[in-house]
Structures are given as C-alpha cells and as structure tokens.
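Novice: One structure, as structure tokens, below. Some questions next.
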Amino acid sequence: ARQKVVERHGKNGVRLVVRIARQQSSTTPEELRELLRGAAVWFSDEDFSQMVMKSTEGSNFSIDSFVRQFIGELPPRRKNVLQVLWERLDKDRKGFVELSTFFDAYDVTRHPDVSSGRRNRHEVESDFFRIFTDDDSGCGASNGVITREELTSYYTGVSETIKRNEDFELLIIRSFSLDRPKHLFAASDNAMNVTHRSQQGTSHPLYQTSASLVGQNCEGIPEEILKKTHNRTAIFTKNAPPFTGATTMNTSVSRPKV
C-alpha cells in the first residue's frame, strides 16, 4: 500500500496520508477512507482492510496504530541515520522543530542538480521548502513546525525510491551536512566553484595526473618533450652514468656462465 501511494503521489505521499489521518483525533475506518479519497489517495479494499484489522483492538480503531502500520519500519541503517538527523535538529528534545531551524540545516549546495550545474540553487531550495509549506497539497506544516513523525514519514517515502542503504545514508548526510559544518564553505561560493569545476571537465586540476605535471617547472628540457601528453619516460635518468654496483633491491652480482 505504501509503495502504491508513493508511485501515485511521489516522495511526499506517505507524509500526506499521515497528515490526513491526523486531522481528527478519533474517527472510524469508514470516515478515514472518505478523507483519503477526498485527497485522491486510493487504497485497495484488501490493503485497507488489513491495516484496519491490525489497528483495531476489540471494537476500538486506533489512528496511532494505523499510522504506525502505514509508515512501517525502516531498515536499521536508514533508521539510524534519521535518528542522528533528528537529534541534530531537535537539540532541546521538544519532539518538534521550527521550520526555520529545519530549513536552515538543509544544505542545498550539495544537491546533485546544484553541484552538477543543471539547476539553480534557489530553484532547488524553493522546491524543497514547498514540500513542507504547500497548504494546497494538504501537506503544509502545522503552526510552522515539523514533528518527528512528519520527518520520518517524508523520508519513508523517499526511502521507497532508493534501493541501496548506502545511497539513502549519503542523501541524508549530504542534505543536512551531518559530516561537516554547513558553514565550512560559503554556500554561494561553494556552488559557484562546484559549477565551474563541472564545466571545466577533465581540464580541472583535480583530474590532472602527477605524470602530466612532471618537469613543468624545470629548465633546459626540450619543448617537444614537455608537450607530450603522457608520462615523460626516463627524462631525468636517461643521461645518468650507469651504476654497476649492488643495490638494496638486488645484492647479487650476475656473472656470465662459462
């Protein structure tokens, strides 16, 4: 059911269902389904019945249990990196964070589209902010805050689109600079430098091999040799006098056999 919602509504689909379910503290399964249908969220009869059955104790239907059933459980590695992120955001242990705090922690300069120069950083930043502020979609954050449940439900939807645990971890780490302080580089300068690097291609210094730099600062080397593309083989040793003594690599002396 969760995967089908993500296919239809995108990465924010899981969070959309959670917000709809949380609109009323108590409701019946029939009322909940009508609310979901009103937002164009469709469950098969079988999927919905199974979640309702698992969320009902006796004759009491529990919204909390329904939400937990729908969000499900992330793999340990994905769950752990979200735990690290939440602890970084909610330093006062309030159970929620201001949207301003959440957005300030987001590092748009490390988004793949920004680092590759495909999109403007302000455009990507606006798209990300709109996910949590767009009231027309039913996903606008309540009272200007985001709860841990909302954060988990959103990244559960994101997780459905990423196969490898390593890729999901890297996404969270880079998106919120969990591996280094965000202010280590100025955002605008960093974006500009990364874009410039991508435009330079293999001519950028990061792509230059040490062999291509050998002898560049030396004098007296013929120009035709310096212009060679590949390694300048034996340029500094070809005129050296031969050494016939033993070395540390080979102490044996070869003699011709009689």
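Novice: Among 27, 40, 74, whose Cα lies farthest out toward the positive end of the dipole of the range 1-79, if unit charges sit on the beta carbon of Lys, Arg (+1) and Asp, Glu (-1)?
Specialist: Positive-end residue among those listed: 74.
Novice: Related question: Under a 1.4 Å probe, what is the accessible area of the range 44-125 per residue, stated in Å²?
Specialist: 59 Å²
Novice: Okay, next question. Apply 1/(1 + (r/R0)^6) to the Cβ-Cβ distance of residue 68 and residue 133, taking R0 = 30 Å, and write down the FRET efficiency to the nearest 0.05.
Specialist: 0.70
Novice: Also, I was wondering about something else. Can you pull the accessible area of residue 9 for me, 1.4 Å probe, Å² to the nearest 10?
Specialist: Surface accessible to solvent at residue 9 totals approximately 60 Å².
Novice: Report the extension gain between residue 100 and residue 7 in nm, rounded to one decimal, defined as 0.36 nm multiplied by the number of residues separating them, less their alpha carbon distance.
Specialist: Result for the pair: 30.5 nm of gain on full extension.
Novice: With the cut-off at 26 Å, tell me which of the pairs 4/182; 54/94; 91/182; 79/163 have Cα atoms farther apart than that.
Specialist: Exceeds cut-off: 4/182; 54/94.
Novice: Here's another thing I want to ask about it. Roll a 1.4 angstrom probe over the protein heavy atoms and tell me the percent of accessible area of the range 1-122 that is carbon or sulfur.
Specialist: It is 46 percent, rounded to a whole number.
Novice: For a test of the definition: using alpha carbon positions, the gyration tensor, and the 1.5 limit on a/c, classify the range 1-106 as rounded, prolate or oblate.
Specialist: Prolate.
Novice: Which loop-located GluC sites (Glu not before Pro) does the range 50-117 contain, where loop means any DSSP state but H, G, I, E or B and the Cβ has at most 16 other Cβ atoms within 10 Å?
Specialist: Within the range 50-117, the qualifying GluC sites (Glu not before Pro) (loop, at most 16 other Cβ atoms within 10 Å) are 73.
Novice: Can you tell me the dipole magnitude for the range 1-156 around its Cα centre, using point charges on the Cβ only (Lys, Arg +1; Asp, Glu -1), in Debye to the nearest 20?
Specialist: 560 debye
The values are calculated or read from the model by the stated rules, or taken from the named source; none is laboratory data. These figures come from a predicted structure and were not determined experimentally. Quick reminder, even Gly has a Cβ in these numbers, built from the backbone with ideal geometry, and neighbours come from all protein chains shown. Side chains are part of the model used for accessible areas, which takes the heavy atoms of the whole protein and leaves out ligands, DNA and RNA. Shrake-Rupley method; radii C 1.70, N 1.55, O 1.52, S 1.80 Å.
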